[in-house]
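J.: Could you have a look at this structure, given as structure tokens, before my questions?
The values are calculated or read from the model by the stated rules, or taken from the named source; none is laboratory data. Note that the structure is a prediction, hence the values are computed from the model and not measured. No Cβ is skipped: glycine too gets one built from the backbone with ideal geometry, and neighbour counts run over all protein chains shown. Note: areas computed on protein heavy atoms with side chains; ligands, DNA, RNA excluded. Shrake-Rupley method; radii C 1.70, N 1.55, O 1.52, S 1.80 Å.
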Amino acid sequence: VQNMPLKYLARNCLRAVGVEAVPVGPNSNLLAMHLKLLFSAYEISCVLDVGAQYGDYGLWLRRNGYRGDIVSFEPVKANFQGLARVSARDPKWHCVNYALGSENSVASINVSTFTQFSSFRTLNATAEDIFGEAPVVQRSEEVEIRRLDTLLDALPVNVSSGRTYLKLDTQGWD
């Protein structure tokens, strides 16, 4: 909660007494309210953040009042290093340097100039038309892929002890 912007502190205080302050206009974010209600209704105690990149989603969850465990999965080495720095002071936020997939293996991921476009898939003409040069592949990187079911017992939190929410952001595999 240290260094949290005042608007998030105020919103979280209102939520504690059952009041939701929702901004109106083009920048409103109803997703935060929806997830707050969903996490409360289903007693979510752990979020698996697959395709975490630099940790923006985990930070967003914390700013919006989520205090449970987060396990972030990020296969790209440079992204993972940034993610580890962002989450380092949060004892309930854990990072894993794997991709998740249908089998345990190693594969080459295409790392783009803007790493949110990094993917095991190759870019198609539609992506280039929509995003221009942003998704240009800079290099490929060998990454470890693990099946989630083979990792559950080795995760730094006991996922089976509570309710888990799975967030996916995995370019072309969602």
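J.: When segment 48-107 is examined, which residues are found to be part of a strand (DSSP E or B) and either touching a residue at least 40 places away in the same chain (Cβ under 8 Å) or not hydrophobic (A, V, I, L, M, F, W, C) (or both)?
T.: Correct list: Leu48, Asp49, Val50, Asp69, Val71, Ser72, His94, Cys95, Val96, Ala99, Leu100, Ser105.
J.: Please work out if Ala16 is modelled with pLDDT of 95 or more, on the phi < 0 side of the Ramachandran plot and either open to solvent by 30 Å² or more (accessible area, probe 1.4 Å) or touching a Leu at 6+ places or on another chain (Cβ under 6 Å) (or both).
T.: no
J.: Restricting to segment 122-143, and then to whatever is in contact with a strand residue (DSSP E or B) (Cβ under 7 Å, 6 or more places away or on another chain), open to solvent by 90 Å² or more (accessible area, probe 1.4 Å) and not basic (Lys, Arg), can you tell me which residue is modelled with the highest pLDDT?
T.: Only one residue fits best here, namely Glu142.
J.: Given the conditions (1) under 14 Å from Val76 (Cα atoms); (2) assigned to a helix (DSSP H, G or I); (3) modelled with pLDDT of 90 or more, which single one is not true for Gln116?
T.: (3)
J.: Let me ask another. Quick check: is even one residue across segment 154-165 open to solvent by 70 Å² or more (accessible area, probe 1.4 Å), in a strand (DSSP E or B), in contact with a Phe, Trp or Tyr (Cβ under 7 Å, 6 or more places away or on another chain) and not aliphatic (A, V, I, L, M)?
T.: So far as segment 154-165 goes, yes, one or more of its residues are open to solvent by 70 Å² or more (accessible area, probe 1.4 Å), in a strand (DSSP E or B), in contact with a Phe, Trp or Tyr (Cβ under 7 Å, 6 or more places away or on another chain) and not aliphatic (A, V, I, L, M).
J.: Mind checking which residues of segment 44-94 are closer than 13 Å to Leu166 by Cα and among the β-branched types (Val, Ile, Thr)?
T.: Residues satisfying the conditions are Ile44, Val47, Val50, Ile70, Val71.
J.: Across segment 67-81, what is the total count of residues that are out of contact with any Lys or Arg (no Cβ under 8 Å at 6 or more places or on another chain) and either among the polar types (S, T, N, Q) or open to solvent by less than 40 Å² (accessible area, probe 1.4 Å) (or both)?
T.: Of the residues in that region, 8 qualify.
Here is a yes/no grid of residues against (1) of a type in the set (A, V, I, L, M, F, W, C); (2) on the phi > 0 side of the Ramachandran plot:
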{"site": "Pro5", "(1), (2)": "no, no"}
{"site": "Ser45", "(1), (2)": "no, no"}
{"site": "Gln53", "(1), (2)": "no, yes"}
{"site": "Glu74", "(1), (2)": "no, no"}
{"site": "Lys77", "(1), (2)": "no, no"}
{"site": "Phe80", "(1), (2)": "yes, no"}
{"site": "Asp90", "(1), (2)": "no, no"}
{"site": "Trp93", "(1), (2)": "yes, no"}
{"site": "Asn104", "(1), (2)": "no, no"}
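J.: From the list Tyr98, Tyr54, Tyr66, pick out the single residue that is of a type in the set (Phe, Trp, Tyr), in contact with a Phe, Trp or Tyr (Cβ under 8 Å, 6 or more places away or on another chain) and under 21 Å from Tyr8 (Cβ atoms).
T.: Tyr66
J.: Also, I was wondering about something else. For segment 145-174, which positions are touching a Gly at 6+ places or on another chain (Cβ under 7 Å) and either modelled with pLDDT under 90 or farther than 26 Å from Ser118 by Cα (or both)?
T.: Leu168, Asp169, Thr170, listed by residue number.
J.: Looking at Ala107, Ala84 in this structure, which one is modelled with pLDDT of 80 or more, closer than 30 Å to Met4 by Cβ and surrounded by fewer than 20 Cβ atoms within 10 Å (Cβ to Cβ)?
T.: When all the criteria are applied, what remains is Ala84.
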